[in-house]
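Presented below is the structure to which this report refers.
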Amino acid sequence: MSLTQKLGKRGCFAKVSKDDPRKIALFVLNSLDKGRRTLDRILEDIQNKEMALSRRDQALFSALVYGVLRWRGQLDWIISHFSKIRIHKIEPAVMNILRLGLFQIIYLNRIPVSAAVNTSVEIAKSFASSPAAGFTNALLRKAAGEYEKIPFPDPDKNPVCSLAVRKSFPEWLIKRWLKQFGLKETEALCDAINTIPPITVRTNSLRTTRDDLAERLASDVRQIENTTYSPDGIRFIKPDRSIPEIKAFKDGWFQVQDEAAQLVARLLNPGPGDTVLDACAGFGGKTGHIAQMMKNTGRLLAMDNQADKLRQLESEMKRLGISIVTTCNYDLTIPFDRKFSYMGFSGFDRILLDAPCSGLGVLRRNPDAKWSISANRFNRYKARQINFLNNLAQLVKPSGTMVYAVCSTEPEENEEVVKGFLNKHPEFIVNNKLEGLPENVYSLVNKNQYLKTYPHINNMDGFFAVCFKRLPVSEGLL
């Protein structure tokens, strides 16, 4: 990816300055509109382009990107009120310039309105046409003076549209959540997702303790507090420097990981000497936690279908001082051979499937997903998740366990996956004798033994996890 971008109907190219937070934010939003990469991947690529942002400009850049993505629905409603052109006919790059300008006017009090308008007009001159710059100037100046007076949809006449605009979510998602949660809880869920979450990290217990880590972080961050449920977690805000620049991070004392994700490895409950498979290991967040719980003793296979992620995982394990991890590049859509063997691995005591999913449980950290996910994808996710479980089932040793987890609380990816898997695998049951969880975590496990967390209830990401147990051979079901 280059920071030179092709824009406009005429296909002109515009070079993005590496020290201008507004232009880089526009670059990110335009890149997202192409639908080929997630926000995380685009930001990762940008960081590799030797950006020259000061700490203050880095903060503005992040505020602009995440703010526009959080409030895009509401911003578009306001733009549509002041525009004589229907917004779907406005050039996408110009639309993003308007969103960035309007977001600064409404939400960033430290930026004068004149600065928000003028910088937007200058960007429009660079990235679009002369008429677009005039259009941007006229619309933003009008909106700046009158946006507080425009009407929002009437909640009595159209509650779905009203909530979608006020809370800035797609209407299809509001409809789904109203059926699932009701009005009051849907509003609370939307508010929690729109709130900037704290940074949560997990102590690397192989190298330090939570208390020692908190003491060491005290000079680098603000408002440190222990997580409520995870015994390894710490939350904080406003780090003085980027996470990779913090000394405790360089020394491998922690990994960044939300509290809900920290509970998944606790549900898996691996121990020293176990043979464990992390089947969708990604960058190794849960792999690192599993290795900690195994006290870096035993055998841990980290599998993923993306070789670049596995290379970063290997680097991450070195930073953490973990030596028991072996990586394996494998596509889980392909069934395993009945005699599967890799580097001496064949059957496993414990398997974690942290499956690809809609990601609706982590919208507060990835607000781009609410504009890219569509309602008709859930059944496709479900089919893939069941397929992965089916393929992994034979690798679980008799009496072994397999944890299925997703960062989503949608029924198709939760209860329906459990039902679909168990229907085909009578040799498995839902484990109703969970061991190893911190005592207060059992309050997050419902009567079906499903671990479920929500942003608006638990102040953590939305997660679903269940622990399957494979019956022993003696019960005659294999």
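The values are calculated or read from the model by the stated rules, or taken from the named source; none is laboratory data. Quantities reported herein were computed from a predicted structural model and do not represent experimental measurements. Cβ atoms come from the backbone with ideal geometry, glycine included; neighbour counts cover every protein chain shown. These accessible areas exclude ligands, DNA and RNA; they are computed on the full protein's heavy atoms, side chains included. Shrake-Rupley method; radii C 1.70, N 1.55, O 1.52, S 1.80 Å.
Annotations for the structure displayed:
- Antiparallel %, DSSP beta bridges [both residues in the chain], to 5: 60 percent
- For the chain, averaging the sequence separation of C-alpha pairs within contact (under 8 Å, six or more residues apart) and dividing by the residue count gives a relative contact order of 11 percent.
- Each peptide in 285-294, 188-197 receives the mean, over its residues, of other Cβ atoms within 10 Å, and ordering these scores from highest gives 285-294, 188-197.
- Subset of Lys89/Lys167; Lys23/Lys250; Lys286/Lys452 violating a 28 Å alpha-carbon distance limit: Lys23/Lys250
- Spatially proximal aspartates and glutamates relative to Lys179 (Cα-Cα < 15 Å; intrachain offsets below 8 disregarded): Glu171, Glu187, Glu410, Glu412
- What a 1.4 Å probe finds exposed on the stretch 142-181 is 49% carbon and sulfur by accessible area, rounded to a whole percent.
- Annotation: lysines with alpha-carbon distance below 17 angstrom to Lys238 (same-chain offsets under eight excluded): Lys247.
- A straight line joining the Cα centroids of the stretch 405-457 and the stretch 23-78 runs 35 Å.
- For the stretch 47-202: relative contact order, % (alpha-carbon pairs under 8 angstrom, 6 or more apart): 21 percent
- Relative to one another, the C-alpha centroids of the stretch 221-261 and the stretch 166-186 are positioned 32 Å apart.
- Enclosed volume per residue, in Å³, of the convex hull spanned by Cα atoms of the stretch 198-322: 97 Å³
- Across the options Asn194, Thr228, Phe249, the greatest Cα extent toward the positive end of the charge dipole of the stretch 155-249 (unit charges at beta carbon of Lys, Arg, Asp, Glu) belongs to Asn194.
- Taking a ≥ b ≥ c as the square roots of the Cα gyration tensor eigenvalues, the stretch 297-434 comes out oblate, since a/c reaches at least 1.5 and a/b does not exceed b/c.
- Selected from Leu183, Val466, Thr453, residue furthest toward positive end of dipole (the chain; charges at beta carbon): Leu183
- Mean Cβ count within 10 Å, highest first, over the residues of peptides 460-472, 324-336: 460-472, 324-336
- If you take all other residues with their beta carbon under 12 Å from the beta carbon of Gly298, and give Lys and Arg +1 and Asp and Glu -1, the sum is +1.
- For the stretch 189-212 versus the stretch 309-376, the spacing of their alpha-carbon centroids is 21 Å.
- For the stretch 314-401, the relative contact order works out to 42 percent when only alpha carbon pairs closer than 8 Å and six or more residues apart are counted.
- In terms of the mean number of neighbouring beta-carbon atoms within 10 Å, the peptides 430-442, 355-367 order highest first as 355-367, 430-442.
- For a label point 7 Å along the Cα-to-beta-carbon line of Ile87, residues of the stretch 30-62 with backbone N under 20 Å: 30-35
- Accessible area of the stretch 221-361 belonging to carbon and sulfur atoms, whole % at 1.4 Å probe: 47 percent
- Neighbours of Leu163 by Cβ distance under 9 Å: Lys/Arg scored +1, Asp/Glu scored -1, total 0.
- Antiparallel DSSP beta bridges within the stretch 193-301, percent to nearest 5: 75 percent
- Ratio Rg/Rh [Cα only; Rh per Kirkwood] for the stretch 125-233: 1.20
- In the stretch 273-350, a dipole from Cβ-located charges (positive for Lys and Arg, negative for Asp and Glu) runs towards its positive end, and of Gly288, Gly273, Leu332 it is Gly273 whose Cα lies farthest in that direction.
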